[in-house]
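The values are calculated or read from the model by the stated rules, or taken from the named source; none is laboratory data. All figures in this text were calculated on a predicted structure; none of them were measured in a lab. Using ideal geometry, Cβ is built from the backbone for each residue, glycine included, and neighbour counts are taken over all protein chains shown.
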Ligand SMILES: [Zn+2]
C-alpha cells in the first residue's frame, strides 16, 4: 500500500503546488515549472566545458499527460570553439539538427522550437493510434476535454481557474 492510497489528497497537493509554482514563475516573466536543459556538461567534440547561454532561454508550451498544458522553458548550452549548440534531446551544428539517440528515454520531447510533449503522452497516443482505437483528433478532443480546454466560439478558454493564463489546446 502506498502513502498516496492512504492519503489521496497528497497527490492533489503536489499538483496544486506545481500549479502555484507554475503561475508564480509565469507572473515573474519566466516560466520555470519545467526547465528543459541537457545534462551534458562537456562538448561532444573537444570535451571542453559547455556554457549556458542565458540569452537563449525560450518559453515552450508543454503538453503533459497528467498536468495538461502549461508553460515551461528550454535552455541552450554551447561550445564556443566548435559552435555546437546543445539542447534538450538534440544538438545543432552548422544549422543542422541531430537527435540524441536516447531522446525518447527523456521525460519530454521537444517537437518544435516552442513545443514539448511529455513522452508518456506520446506513448499513450501512439499506442491508441497503432491499435486503431482512436483517431488523433479524438485523442486531442479527449485531452482537451479532460483538462477543461473547451472551445468557445473560436476562442480558447478554460472552464475553471486552473491557470491564470489561457492554456493552449492540443494541436490537431
Ligand atoms: Zn567543443
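I'd like the residue in the stretch 83-111 that is loosely packed, with under 15 Cβ neighbours inside 10 Å and within 11 Å of the chain's Cα centre (by Cα) and, out of all such residues, is modelled with the lowest pLDDT.
111
What number of residues within the stretch 36-60 satisfy the criterion of being within 12 Å of the ligand (Cβ to nearest atom) and buried (at least 18 other Cβ atoms within 10 Å of the Cβ)?
Counting residues in the stretch 36-60 that are within 12 Å of the ligand (Cβ to nearest atom) and buried (at least 18 other Cβ atoms within 10 Å of the Cβ) gives 2.
Could you please find all residues in the stretch 61-72 being buried (at least 19 other Cβ atoms within 10 Å of the Cβ) and closer than 16 Å to residue 106 by Cα?
62, 63, 64, 72
Given the conditions (1) over 25 Å from residue 23 (Cβ atoms); (2) away from the ligand (no atom under 16 Å from the Cβ); (3) touching a strand residue (DSSP E or B) at 6+ places or on another chain (Cβ under 9 Å); (4) touching a residue at least 24 places away in the same chain (Cβ under 8 Å), and given that residue 72 satisfies all but one, which numbered condition is not satisfied?
The failed condition is (1).
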